[in-house]
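Quick notes on the structure that follows.
The values are calculated or read from the model by the stated rules, or taken from the named source; none is laboratory data. All of these numbers come straight from a predicted model, not from anything done at the bench. Counting neighbours? That spans all protein chains shown, and the Cβs are built from the backbone with ideal geometry, glycine included. Side chains included, ligands, DNA and RNA excluded: accessible areas come from the protein's heavy atoms. Shrake-Rupley method; radii C 1.70, N 1.55, O 1.52, S 1.80 Å.
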Amino acid sequence: ITPPYDRVPQITAHLGQNNVQGFDWSLDGDFTQFEADRRLTGQPNAQRSFALAQLSRPWLAPQGFVTPKLQLHAAAYQFDAMLADGSQSATSVVPTFSLDSGLVFERDANLFGRKLLQTLEPRAYYVYTPFKDQSLLPNYDTGAADFNFASIYLENAYVGHDKISDNNLLTMGLTTRFLDPDSGSQYARFGIAQRLRLEEQQVTINSAPPRPSRDRKSVV
């Protein structure tokens with residue numbers, strides 16, 4: 001097992017504000033110096049600066065929501081040794097657009113003699129991130145996100161800042177909840193979602209070819 005990188009130092013910052021004339025925005029920054037034994041990692045150490053800017057405009061109502069969002073991921077590297085192409089620095093800028101939408105239907109229900117409020121919540125989520133060749137960039141803190149009912153509605157298939165997955169996909173989901181009509185307490189929730197890839201993903205964590213993933217399903 002390759003030991004993790006030391007971060008000497010790591011500095012992070014976050015700025016954000018909600019409902020600025022209807023818009024939500026945030027800016028996250030990260031500066032990290034990664035150090036490890038290059039004989040074990042097989043790649044140079046580096047200083048990496050990363051920024052993520054987000055701007056969204058939610059339209060919220062009791063019967064549903066629509067939220068378009070723009071993101072811009074930017075990273076800059078300074079390496080202590082040359083990469084395969086002979087360079088000692090690299091940059092990556094990747095934009096992302098997403099559109100999240102959903103409806104909420106309610107009805108009175110009765111289960112085991114208890115009065116309940118049941119919801120039916122269809123959801124549609126579209127993400128587009130253009131392909132940006134990141135094959136020469138080393139990997140310091142990036143891994144594949146677990147595929148589950150939460151991560152199926154995320155823009156990036158990876159956690160970490162070294163790889164931003166290209167995406168052209170639509171996720172359709174359906175959730176139902178059983179609530180106490182007086183207190184709003186949730187007794188149970190059931191959901192199903194399916195992700196449909198309109199184009200195959202090309203960005204991978206390593207140099208291996210992309211895994212087939214045109215149809216993936218997550219059930220809770």
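The Cα trace of the chain gives Rg and Dmax of 21.2, 72 Å, the first to one decimal, the second as a whole number. Comparing Asp85, Asp141, Asp162, which has the greatest mean-square fluctuation in the GNM of the chain with Cα pairs linked when under 10 Å apart? Of Asp85, Asp141, Asp162, the most mobile in the Gaussian network model is Asp85. For segment 1-81, the relative contact order comes to 26 percent (Cα pairs under 8 Å, sequence separation of at least 6).
Look at the alpha carbon pairs under 8 Å that are at least 6 residues apart: their mean separation over the length of the chain gives a relative contact order of 13 percent. If you take the beta carbon distance between Met172 and Ala144 as r and set R0 to 25 Å, what does 1/(1 + (r/R0)^6) give as a FRET efficiency, to the nearest 0.05? Efficiency, from the Cβ-Cβ distance: 0.65. Each stretch of four or more DSSP H residues adds -39500 (n - 2.57); spread over every residue of the chain, this sum gives -500 deg cm²/dmol at 222 nm. Extension gain, Thr12-Asp133: 0.36 nm per intervening residue step, less the Cα-Cα distance, totals 41.0 nm.
Here segment 65-220 is assigned +1 on the Cβ of each Lys and Arg and -1 on the Cβ of each Asp and Glu. Its dipole about the Cα centre then comes out at about 600 debye.
Dipole of the chain computed with +1 at Lys/Arg Cβ and -1 at Asp/Glu Cβ about the Cα centre; of Gln47, Pro138, Gln10, farthest Cα towards the positive end is Pro138. In the context of the full set of protein chains, the chain has a per residue accessible area of 59 Å² (1.4 Å probe). Quotient of the Cα radius of gyration of segment 139-191 and 2.2 N^0.38 Å, N being its number of residues: 1.63.
Can you pull the percent of segment 91-177's accessible area that's carbon plus sulfur, 1.4 Å probe, other chains left in place?
59 percent
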